[in-house]
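The values are calculated or read from the model by the stated rules, or taken from the named source; none is laboratory data. All values reported here derive from a predicted model rather than from experimental measurement. No Cβ is skipped: glycine too gets one built from the backbone with ideal geometry, and neighbour counts run over all protein chains shown. What goes into the accessible areas is simple: the full protein's heavy atoms, side chains included, and nothing from ligands, DNA or RNA. Shrake-Rupley method; radii C 1.70, N 1.55, O 1.52, S 1.80 Å.
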Amino acid sequence: MEFVRAHPEHDGIVVAHYLAIWESYGTAPDHLRSHPEEIVREFLKVGRADYKLASFIAFDGEAAAGSVSCRLNTKAYPTVLKPEHSTEGYIWSVFTKDAYRGHGVARKLVTMAVDHLQAIGCTSVVLHSSEAGKPLYTGMGFELATEMRLKFDKMSNISPTPSSNIWPKPRCTLSALRKSSRS
């Protein structure tokens, strides 16, 4: 098995593996946007230019056995911490073909991605895992983190308005808060 850092000429492999992950989740083809290959290729191009993206591929002869990609993570909130205290890397698209699972391919690829992210100054790494991947990642030192999600298609019984019962009653009024802050 040969493990290499991918170059733009390998993008077809990375794209195919990424889309195979969505297929393995049972994603209906009509749920994908039109031209998904082009979208992933553009993501790779922009990622290389702006986010230090790297991809790694495991080759068994000419056959691509697996791949992984990683990049600097962008935050969904203002980053006030100095980079040396909070530069997050993100690992995505960890893929191993069925015939190569259980042989250390994903472990080696993830290790290469982690090494890259550490080399570019990341202080932590985030990835989202399938249930099948959790034992691998926890065995490598990744810790389960809390992420909360609310899917709008599951909200039929929720009416998040101030008049609904899901909002707690305030402990004090705004005028009382203003008065106490002046004292």
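State yes or no: is E42 closer than 20 Å to R5 by Cα and either open to solvent by 60 Å² or more (accessible area, probe 1.4 Å) or of a type in the set (S, T, N, Q) (or both)? Criteria met by E42.
Name the single residue, out of those in region 65-105 being over 21 Å from A16 (Cβ atoms) and of a type in the set (A, V, I, L, M, F, W, C), that is least open to solvent (accessible area, probe 1.4 Å). Among those residues, the one meeting the criterion is L72. Put simply, of V46, V40 the only residue that is more than 28 Å from G141 (Cα to Cα) and in contact with a helix residue (DSSP H, G or I) (Cβ under 7 Å, 6 or more places away or on another chain) is V40.
Number of residues in region 6-22 that are open to solvent by 60 Å² or more (accessible area, probe 1.4 Å) and more than 16 Å from W92 (Cβ to Cβ): the value is 3.
Within region 73-82, is even one residue at negative phi and in contact with a Ser or Thr (Cβ under 8 Å, 6 or more places away or on another chain)? Yes; the residues of region 73-82 include at least one that is at negative phi and in contact with a Ser or Thr (Cβ under 8 Å, 6 or more places away or on another chain). If you go through region 127-141 and pick out every residue that is surrounded by 15 or more Cβ atoms within 10 Å (Cβ to Cβ) and under 17 Å from R71 (Cα atoms), you end up with 2. A search for C-beta distances below 6 Å between a residue of region 121-143 that is closer than 16 Å to K108 by Cβ and any residue that is among the polar types (S, T, N, Q), counting only pairs 6+ apart in sequence or on different chains, returns Y137/S129.
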